[in-house]
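Read the structure below first, then the notes.
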Amino acid sequence: MPFEFLSDEQIARYGRFPEEPSPAELEQFFRLDRAALDALASKRRPETMLGWAVQWGTVRMLGVFLTEDPLVVPSGAVAFVAEQLDLDPACLADYGRRPKTAYEHAWEIRELLGYRRLRRM
């Protein structure tokens, strides 16, 4: 089994935020850079912009996309990103209306950041 070296607690924490990110973590992982802002220019709706930007910060912090439930992000991180975009954080609730959107955004962000998808053997 490939996860035998991890404890049950470590497996349970994988791909999840353990707590609210610290101010330093928000700056490091959720501060939108020029490339992210340029990519966001093609987004039209507030919930799409905020959802994309939150996913961008999430994968940078956790190393995984939360495509199955992209709204499971600490409110402080959402507020931090929303403030940068001058958006209402509550609009994120509408991000999941079209489930495929989160996957399309993950593919786009993966390309933007130069991440590769791990292949199973």
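In debye, nearest 20, what is the charge dipole magnitude of the chain about its Cα centre with +1 on Lys and Arg Cβ and -1 on Asp and Glu Cβ, if you could check? Mind showing how you got there, number by number?
Working: 16 positive and 19 negative charges, 136 e Å.
It comes to approximately 660 debye.
Once you treat every alpha carbon in the chain as an equal point and sum by Debye, what is log10 I(q)/I(0) at q = 0.10, 0.13, 0.23 Å⁻¹?
Normalising to I(0) and taking log10 leaves -0.31, -0.51, -1.46.
First select every other residue whose beta carbon is under 12 angstrom from the beta carbon of Pro46; then total the charges, Lys and Arg +1, Asp and Glu -1.
Local charge sum for Pro46: -1.
Rounding to the nearest 10 and keeping the result within 0 to 90°, find how far the Cα-based axis of helix 75-85 lies from the longest principal axis of the chain.
The two axes meet at around 40 degrees.
Would you please give the FRET efficiency between Leu37 and Asp8, computed as 1/(1 + (r/R0)^6) with r the Cβ-Cβ distance and R0 = 25 Å, to the nearest 0.05? All intermediate terms of the calculation are to be shown ahead of the outcome.
On the way: r = 40 Å, r/R0 = 1.61.
The pair Leu37/Asp8 has a calculated efficiency of 0.05.
Throughout, read-outs are computed from the coordinates displayed, never taken from laboratory work. Every value quoted in this text rests on a predicted model; they were computed, and no experiment measured them. Glycine also receives a Cβ, built like all others from the backbone with ideal geometry; neighbour counts cover every protein chain displayed.
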